[in-house]
Amino acid sequence: MEALASHGPTQSVRRRLVGPGLPARLLDLLLGIIGLGVIIGGWWLLSTQMQAVQLPAPDVVWDAMWSNLWEMPALSYATFQSGGIADGLLYTTENVFIGVGLGLVLGLATGLLMGRVRLADGLLEPVLVALGTVPVLIMLPFIVTWFGTARLAQTGLVIFFTFVTTATVVRNAVGNVAGSYEQSAAALGAPRSMVLRDVVLPAIVPEVLGAVRVCFAAGWGFEAIAEILGAQHGIGRIIQTMGTQSATPELMASVLWLAIVAVVVDGLLVLIGKWAIRWSE
Amino acid sequence: MEAGSNRGQAGATSDEFPAIQLVDVSMDYELEGGETVNALKNVSLSIEPRQFVCVVGPSGHGKSTMLNLMAGFFSPTAGQVLTHGRPVTGPGADRGVVFQRDTLFLWKRVADNIGFGPKARGVPKQERERIVDSHLKLVGLERFRSAWPKQLSGGMRRRVAIAAVFANEPKVLLMDEPFVGLDYVRRADLHEVLLELWQRSKSTVFFITHDVDEALALGDRLIVVVDGGIAHDVELPFERPRTPETISSEQAAKIRLEVLSKMHLGGGV
Amino acid sequence: MAQLEDPAARNRMPADPLEDFFRTHVTRRDALRAAGGAGVALMLGGLLAACGDSSTSAPSTVDLGKLKVEPGTDIPKATVRYGLLPYGDNSMPVIGMRNGWFEEVGITVQPQPLGSKVQDAQVVPKLVNDEIDMINWDGTVIIQTMTKAPDLKMVGFTDTYLGIYILAAPDSGAQTVKELVDGGTEFSEAMQTVMQQLVGKRVTLDNTGYHKTFFNTIFKLGEVDPSEFELTTIDDAKMVQLAKAGDTDFCSPAGAAQNVELLKIGWFPIVGVEDLLNGLPPADPQAVATMDHIGPALNQKFYEENRETVLRAMSVNFRIVDAIVNDPDNTLPVQLPYLESVTGGSYTLDDIKLIYEKIDPPTVFEDQGKFWTDTDSPQYYANVYDPQIESLQEGGVLPKEADLDASQVFLGTEVYQDMLDLKAQYEDLASDAEDQDADLAAQAKTQAENRNYLDAVRFALAATNQ
């Protein structure tokens, strides 16, 4: 039956290469390892051709990743602060979560309002479209001027991006839901509040989850950049200080740790998402 | 007409009035280009309580528009739509709708879908459970109480949709080609379920279909809608239960011929 | 529960493409793979660490041996890609560029007309990537990168940076070390009184770490700990903004011009490097270790391959110093517009004079022995920078295990000695040259007056037919 057929050429290719004995998952893992190995090998080769300050070897960066995790003397030297990469990561991660959270709440409320109330949609749609065209980083000087170096200044970009993305996604999703599920719910006698709670909100969960994932992915970058430009704490601060000192291994170590955290969070989001939309086809 | 109210139905019933009434109803749409489409032209129609009315006609000629007006999804450009003597102002639980597309709430399990209407009406939990259970049984899906809609086949989902609507005990049931795309066997199955529920609930049914045979198998009355108006309106005096022989009878063949010719005459395209 | 039939695909609503993507492409495998990939990366890194070699390289010292001078009647042309940092003393070469003094010694500065503007963070990349040849940099900064970019060297000093202060807000009424000491208080007591004023207040320091030694010293002498203040470390531009807005009580900008900006609006120093130099015993390493010197920096390779060009460039730097010291009113106006354009501040001639008098006093050629040849002098480069390097190693900025010292970075001794030798050689030849070829001798004399002893000797040799 069609349902059991392969997902296209990849699966049949796998079977031919490997034979029926090796499970696809194991093969994926092996291929992944080989791929990573190639990248690290290439990195190592390249680093022998360049100066340490331009591209340190992978093992040097690896050392830097672990020796600077809890304490970072080079950082304390310049900033008088104690703590290492882990402390910076914590600050940055908190900010990203707060930023995405706030942006999500604001964006959800706005998108729902626009999707359900004609007047609101008419008023806000041009605003949203305009905001959506603004390259997010342009907002940074404004945010710094308004909020200085306070925590809000760093999360500001994340909040802005999340708000715009979520509001747009939610508004469109609500538009899709209306006219089909809503009619059905109305014909079953559901009052408007129940329609919102029991029908509209669950129906848009898949879209919102997609948006959340995108906002997190972008959020790490925006947060790091905002921190580089004016924070007292966080991974961005560390990156900026290490850059000033030309401490390239420590700089790369910080970036790699940030990437690891971002990947882990994304993985968690995917798992949560899977469960949250386990009913969908 | 019978005196006395039917127990358990949403709101007080009055058998003096027709269950559905269209009084000189017209419906115009404006298209993007600025053209106006006259979907319904001065239609008048009266459906008595507990009638099973089937509606056939070419696509795009106004059948669904009629149903949507009865459901209260929009208001007519001119004329009045009444249900049991009262004007229709919006959708409500007294007029259940089964759509052509699948509108089961995918994020609710089968039982919660069926219980949605009663929940909306404020029915307490225990009573709700009872309603859900009985309707599951009526449509033969007791084993699938906790299933997600995605786990069900198309035919089973239709059954859930019907159960969900009947759980609200609507006085009027509006169905827009609900069984399209299903094969003959499944459809026969669903016909049985539908007819059983209709007779138990004593509700009025307005059933749109493409398939003249389906109309003959189900309805008390057959209306042909062509070009925004009613081209033919005929009683189907056959006995129930309807069998293949019923549909193949001479009388049935005559009616079929009439209907088909009406559709050809008026039908553009 | 298994599906019994194709689900109502035909009856499904149109899906959002994004949603579709995630639903069809995000499987449990992806989540596992993401975690697995990270884990594998970490494992592989560990493997490589086991077989890798992670030594850091200490820079090598440079000794080019005696300079060979050939007679000549004209100056060969050379191109130097000169970079300029946006600070007063670091951009001193502008004076030479505007006056054509580089051209007079055959050097064309690229890009025309005033070289390239370079920010702090760009100095190392531009030098390492061979985008610039020379740049007047800071001694305290170049040593921080000595193991990371071991080929970077400094060939001389033009001036000493004394402008490291703690500034107090205009209306703070804070006491200064100078006034206390002048009034009879003992230095150590004065330090403690003054530093205690910072406790519990908003203190803003620069975020570069370049003046860490100074801060460590004054905290130690004042018996305070940074954790007792409300401390912010930030770049100069924002620090000046904060100070002007009254959002900080004490601050310490890294750049001289920024210090001047605040001094002009009433901020005043409560403690500075000079106080340490005056109050501590002579040649106390604590005091000298806080000093900073500015001078031309370059890649070792550039020096090795362009020794004579470097000597000529140094001569222009010394000529500029002469002009600033001897005739500031006519020399400095040339630097004013450039300084304003790169710092964004606005300064008068008096401001710039203040910079060179008090904050960045230059040292003329004759006095340079205190940096390069007089090993007992408190400002002898090794006396200043060896302790700083040690402090960096202790602080974890430079690797503790490496064997590092200032001679691996500062080549001023060789360069200065070369110029001293050339000067002496010229003076030997001067009168003979005048007798034999008055024209050439005159040219040689001009070059000597402009500190270009190399070509003075070359012309003199040519004049005396050697």
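Read the figures in this text as sums done on the coordinates, not as results from a lab. Values in this document were obtained by computation on a predicted structure and should not be read as measured data. As a convention, Cβ positions derive from the backbone with ideal geometry for all residues, glycine included, and neighbour counts pool all protein chains shown.
Annotations for the structure displayed:
- Judged by the mean number of other Cβ atoms found within 10 Å, the most tightly packed of the peptides B:242-248, C:295-301 leads the ranking C:295-301, B:242-248.
- Relative contact order for the stretch C:165-288: 40 percent, from Cα pairs under 8 Å spaced at least 6 residues apart, divided by residue count.
- The stretch C:198-263 versus the stretch A:143-210: alpha-carbon centroid distance in Å: 45
- Label separation (B:Arg145 vs A:Met50): 6.5 nm, computed from points 7 Å beyond Cα along the C-beta direction.
- A helix-only calculation puts chain A at -25500 deg cm²/dmol for mean residue ellipticity at 222 nm, using -39500 (n - 2.57) for each DSSP H run of at least four residues, averaged over all residues.
- Under 5 Å, built H, 5+ apart or other chain: amide partners of C:Asp292: C:Tyr161
- Structure-based [θ]222 nm, chain C - -39500 (n - 2.57) summed over DSSP H runs of at least 4, per residue, nearest 500: -13500 deg cm²/dmol
- Proximal lysines to C:Lys400, defined as alpha-carbon separation beneath 25 angstrom and excluding residues fewer than eight positions away on the same chain: C:Lys148, C:Lys153, C:Lys212, C:Lys220
- With N as its number of residues, chain C has a Cα radius of gyration that, divided by 2.2 N^0.38 Å, comes to 1.25.
- Shown in residue order for the stretch C:360-365 are the 3J(HN,Hα) couplings computed by the Karplus curve 6.51 cos²θ - 1.76 cosθ + 1.60 at θ = phi - 60°: 10, x, x, 10, 6, 3 Hz (x for Gly and Pro).
- The stretch A:73-276 - charge dipole about Cα centre, Lys and Arg +1 at Cβ, Asp and Glu -1, debye rounded to 20: 360
- If the segment from A:Arg118 to A:Ser193 were pulled out straight at 0.36 nm per residue, it would be longer than the present Cα-Cα gap by 25.3 nm.
- Remark on the stretch B:204-264: Rg and Dmax equal 11.2, 33 Å (Cα only).
- Pairwise centroid distance, computed over Cα atoms, of the stretch B:205-253 with the stretch C:335-407, Å: 103
- Euclidean distance between Cα centres, the stretch B:20-46 to the stretch A:54-128, Å: 56
- Dipole magnitude for the protein assembly as shown: computed about the Cα centre from +1 point charges on Lys and Arg Cβ and -1 point charges on Asp and Glu Cβ, it is near 7320 debye.
- Ratio of Rg to Rh over the stretch B:86-128 (Cα coordinates, Kirkwood Rh, two decimals): 1.02
- Label zone at C:Ala121, where the point sits 7 Å out along the Cα-to-Cβ direction: the stretch C:235-265 residues whose backbone N lies under 15 Å: C:235-238
- Neighbouring partner chain Cβ atoms per residue of A:192-202, average, 10 Å criterion: 2
- With bins 10 Å wide beginning at 0, the percent of Cα pairs of the stretch C:103-156 falling in each bin runs 20, 53, 23, 4.
- Counting only residues at least eight positions apart within a chain, or on another chain, the aspartates and glutamates with an alpha carbon under 14 Å from that of A:Lys274 are A:Glu207, A:Asp266, C:Glu19, C:Asp20, C:Asp30.
- For the stretch B:73-97, the residues whose amide N sits under 18 Å from a probe point set 7 Å from the Cα of A:Ser180 along the beta carbon direction are B:97.
- With the convex hull of its Cα atoms as the shape, the stretch A:73-276 has an orientation-averaged projected area of 12.7 nm².
- Value of Rg to Rh for chain B, rounded to two decimals, is 0.96; Kirkwood radius and Rg both from alpha-carbon coordinates.
- Around C:Asp236: net Lys/Arg minus Asp/Glu count, Cβ-Cβ under 11 Å: -3
- Calculated translational diffusion coefficient of the stretch B:20-166 (10 °C, 1.306 mPa s; Stokes-Einstein with Kirkwood radius over alpha-carbon pairs) equals 92 µm²/s.
- Positive-end residue of A:Leu26, A:Val136, A:Ser82, charge dipole of chain A with Cβ unit charges: A:Leu26
- A viscosity of 1.567 mPa s and a temperature of 4 °C, combined with the Kirkwood radius over Cα pairs in Stokes-Einstein, give a translational diffusion coefficient for the stretch C:165-288 of 90 µm²/s.
- Across the stretch B:208-223, coupling constants 3J(HN,Hα) worked out from phi with the 6.51/-1.76/1.60 Karplus curve, θ = phi - 60°, read 8, 8, 8, 9, 4, 4, 4, 4, 5, 6, 10, x, 8, 8, 10, 10 Hz, and Gly and Pro carry x.
- Taking the charge dipole of the stretch B:41-171 about its Cα centre, with +1 at Lys and Arg Cβ atoms and -1 at Asp and Glu Cβ atoms, the residue from B:Pro87, B:Gly57, B:Thr103 reaching farthest to the positive side is B:Thr103.
- Dipole moment magnitude, nearest 20 debye, the stretch C:209-328 about Cα centre, only Lys, Arg, Asp, Glu C-beta charged: 420
- Counting every pair of alpha carbons in the stretch B:160-210, the share spaced more than 12 Å apart comes to 65 percent.
- Gyration tensor (alpha-carbon) shape descriptor, the stretch C:274-396, a/c threshold 1.5: oblate
- Partner shielding of C:62-70 amounts to 0, given as the average count of beta-carbon atoms from other chains within 10 Å of each residue beta-carbon.
- Protection proxy ranking of C:185-197, C:444-456, A:71-83 - average other beta-carbon atoms within 10 Å, highest first: C:444-456, A:71-83, C:185-197
- Value at 222 nm in deg cm²/dmol, rounded to 500, when DSSP H runs of n ≥ 4 in chain B each add -39,500 (n - 2.57): -11000 deg cm²/dmol
- For the protein assembly as shown, alpha-carbon Rg over 2.2 N^0.38 Å: 1.41
- Cross-link partners of C:Lys238 among aspartates and glutamates, defined as those whose alpha carbon lies under 15 angstrom from its own and excluding same-chain residues fewer than eight positions apart: A:Glu227, C:Asp206, C:Asp247, C:Asp249, C:Glu261.
- Kirkwood hydrodynamic radius over Cα pairs of the stretch A:79-160, then Stokes diffusion coefficient at 25 °C and 0.890 mPa s, in µm²/s: 167
- Shielding score for A:239-250, defined as the mean number of other chain Cβ atoms within 10 Å: 5
- The stretch B:238-243 - phi-based ³J(HN,Hα) in whole Hz, Karplus 6.51/-1.76/1.60, Gly and Pro as x: 7, 7, 10, x, 6, 10
- Value of Rg to Rh for the stretch B:118-269 (Rh from inverse mean 1/r over Cα pairs, i.e. Kirkwood): 1.02
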